[in-house]
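Worksheet: the structure to be examined is printed underneath.
What follows is calculated from the coordinates using simple rules that are stated; it is not laboratory data. Remember, predicted model here, so these are calculated numbers, not experimental data. Using ideal geometry, Cβ is built from the backbone for each residue, glycine included, and neighbour counts are taken over all protein chains shown.
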Amino acid sequence: MTQDRVYIFDTTLRDGEQSPGATMTHSEKLELAEMLDDMGVDIIEAGFPIASEGDFKAVSEIAKRSTNAMICGLARANFKDIDRCAEAVRHAAQPRIHTFIGTSPLHRAIPNLTQDEMAERIHETVTHARNLCDNVQWSPMDATRTEYDYLCRTIEIAIKAGASTINIPDTVGYTAPRESAELIGRLIKDVPGATEVIFATHCHNDLGMATANSLAAVDAGARQIECTINGLGERAGNTALEEVVMAMKVRNDIMPYRTQIDSTKIMAISRRVATVSGFAVQFNKAIVGKNAFAHESGIHQDGMLKNAETFEIMRPEDVGLSETNLVMGKHSGRAALRSKLKDLGIDLADNQLNDVFVRFKDLADRKKEVFDEDLLALVRADTADE
Ligand code: KIV
Ligand code: ZN
């Protein structure tokens, strides 16, 4: 592993699909897995094989088809889950079993296990998974609310039992960036064997800090980010793949890390995930929102027409868009109108442009957005008046 390489673990098909109402069909899952594989995702968490016959089939089929990515399935800390998961991923060129158990006091109370009993369960289940698969990831669910000493103890057990990736979930999105960095840094320093494994970060977005927490964890030594397309996931969602990838790309000066994601494939998969999950992307969502590369105000449009860097820190082409969208509305100025008309094949003399501009402002006051057809109608009306 090179120091700056960050592995992207996509869980759109597992944690993302757990979002209420986001269930996907078998063929939709295969299609998305192919897109994830093609865009350079390192590990695809394809599902939770014990959850249903459908999930098992989807994980197995994705395992058979994927050409680049490692294929991972999720399993609780029991032999039945782990056996089913091993069976589902076994055809993958690179299979992984991801097994987890809730280690915080709140989560330990559910199966009613003492710390020692849970420690024994972790040892047995990770050992079992490791006997079935060479690549095992282990997660202490609700890690960020687990007593620190106990967290260290469980991680040490999982490493000794053969886990090669240790994922630290912020299951309820409670952590702040400084804490996220501090926790990963301390674990890598304190847990025996920690430097021999990869630490992963799995953040939920309940307080809107998932992206910041993931990047802070990477700064502290984590080298796998768990994320989903559009940030889909339980409750307020998971870390958004497109945000962490573009943040590390655009701000490589202060986050000198590397992924193998082809960012030009981001927009296509974002739209496909929105369609199949039924979860529309909010207009002002970073990177993939409809307005992320759109400008309406006159000052911004004028700046953009002169030099795109005035109001954009990424090129639209870098995320798979063909161009910036200059939205024509009441805040737009004459320069944008001239440019838009030019794109429509209309080159007006200054006095004509002034006339059309007056009509345009009048219409824009009555209408949220002025479309190309509206502009063409305004020009036609102006020519007819002459
Ligand atoms: O949020 C979480 O803790 C999870 C685990 C299963 C890793 O999704
Ligand atoms: Zn999760």
* **Whole-Å semi-axes of the ellipsoid equivalent to the stretch 43-190 (Cα gyration tensor, √5λ, descending)** => 26, 17, 14
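So if the hydrodynamic radius of the stretch 134-231 is defined as the Kirkwood radius over C-alpha pairs, what does Stokes-Einstein give as its diffusion coefficient at 10 °C and 1.306 mPa s, in µm² per second? Don't skip to the end; give the middle numbers.
Numbers: Rh = 13.1 Å.
In µm²/s, the coefficient rounds to 121.
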* **Other-chain or far-sequence residues with amide H under 5 Å of ARG258's (modelled H)** => ARG5, VAL6
* Pairwise centroid distance, computed over Cα atoms, of the stretch 309-368 with the stretch 56-101, Å -> 50
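Considering only the other residues whose Cβ falls under 13 Å of the Cβ of HIS107, what net charge follows from Lys and Arg at +1 and Asp and Glu at -1?
Values: positive: ARG76, ARG108, ARG121, ARG145; negative: ASP142, GLU147.
Within the 13 Å Cβ shell, the charges total +2.
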* To do: Would you mind working out the magnitude of the charge dipole of the chain relative to its Cα centre, with +1 at each Lys and Arg C-beta and -1 at each Asp and Glu C-beta, to the nearest 20 Debye?
  => 280
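Which of LEU207, LEU348 comes first, and how do the rest follow, when ranked by fewest Cβ neighbours within 10 Å? Could the numbers behind the result be given before it?
Numbers: LEU207 15, LEU348 18.
Starting with the residue having the fewest Cβ neighbours, the order is LEU207, LEU348.
I need THR67, THR154, THR324 ordered by Cβ neighbour count within 10 Å, fewest first.
Values: THR67 8, THR154 25, THR324 19.
Ordered from fewest to most neighbouring Cβ atoms within 10 Å, THR67, THR154, THR324 come out as THR67, THR324, THR154.
Can you tell me the relative contact order of the stretch 239-351? Whole percent, Cα pairs under 8 Å, sequence separation 6 or more.
Details: 115 pairs, mean separation 26.4, N = 113.
It comes to 23 percent, rounded to a whole number.
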* Structure fact -> Taking a crude spin-label model, label points 7 Å out from Cα along the C-beta direction, the ALA308 to ARG251 distance in nm is 2.2
* Asked: With all pairs of different alpha carbon atoms counted, what Kirkwood hydrodynamic radius in Å does the stretch 296-363 show?
  -> 12.8
* Structure fact -> Taking Lys and Arg as +1 and Asp and Glu as -1, residues besides ALA119 with C-beta under 14 Å from its C-beta add up to -3
* To do: List the residues whose amide H sits under 5 Å from the amide H of GLY237, counting only those 5 or more places along or on another chain, with H placed 1.01 Å from N in the peptide plane.
  => ASN205
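Using only Cα atoms, what Kirkwood radius does the stretch 243-321 have, in angstroms?
Values: mean 1/r = 0.0723 Å⁻¹.
Hydrodynamic radius (Kirkwood, Cα pairs) of the stretch 243-321 is 13.8 Å.
Given Cα pairs under 8 Å that are at least 6 residues apart, what percent is the relative contact order of the stretch 168-261?
Values: 155 pairs, mean separation 25.1, N = 94.
Once divided by the residue count of the stretch 168-261, the mean separation gives 27 percent.
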* Structure fact -> Computed over the chain: longest principal axis from alpha-carbon atoms vs helix 115-132 long axis, angle to nearest 10 degrees, is 80
* To do: Mind checking which lysines have their Cα closer than 27 Å to the Cα of LYS290? Skip sequence neighbours fewer than 8 apart in that chain.
  => LYS29, LYS249, LYS265, LYS306, LYS330, LYS340, LYS342, LYS361, LYS367, LYS368
* To do: Positive end of the charge dipole of the chain (Lys, Arg +1 and Asp, Glu -1 on Cβ, about the Cα centre): tell me which of MET246, GLY278, SER104 has its Cα farthest that way.
  => SER104
* At 1.567 mPa s and 4 °C, Stokes D of the stretch 59-115 from Kirkwood alpha-carbon radius, µm² per second -> 104
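As a check on your grasp of the helix formula, calculate [θ] at 222 nm for the chain: sum -39500 (n - 2.57) over DSSP H runs of n ≥ 4, divide by the residue count, round to the nearest 500.
Numbers: 14 runs with 170 residues, N = 386.
Mean residue ellipticity at 222 nm (helix-derived): -13500 deg cm²/dmol.
Give, to the nearest whole percent, the P(r) tail of the chain beyond 41 angstrom, counting all Cα pairs.
Numbers: 18528 of 74305 pairs.
Result: 25 percent of Cα pairs exceed 41 Å.
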* Structure fact -> Residues meeting the amide H criterion for LYS285 (H placed from the backbone, H to H distance under 5 Å, 5 or more places apart or on another chain) are LYS290, ASN291
* To do: Calculate the radius of gyration of the Cα atoms of the stretch 247-386 to one decimal place, then report Dmax, the largest Cα-Cα distance, as a whole number, both in Å.
  => 18.2, 61
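Relative contact order (percent) for the chain, with alpha-carbon contacts under 8 angstrom and 6 or more residues of separation? Each step should come with its number before you reach the end.
Values: 751 pairs, mean separation 52.4, N = 386.
Once normalised by length, the contact order is 14 percent.
Report the local net charge at LEU232: Lys and Arg +1, Asp and Glu -1, summed over other residues whose C-beta lies under 10 Å from its C-beta. Write out the running numbers ahead of the final one.
Numbers: positive: none; negative: ASP15, GLU17, GLU234.
Local net charge: -3.
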* Per residue, the convex hull volume that the Cα atoms of the stretch 260-303 enclose (Å³) -> 92
* Fewest-first ranking of THR12, THR99, using other Cβ atoms within 10 Å as the exposure measure -> THR99, THR12
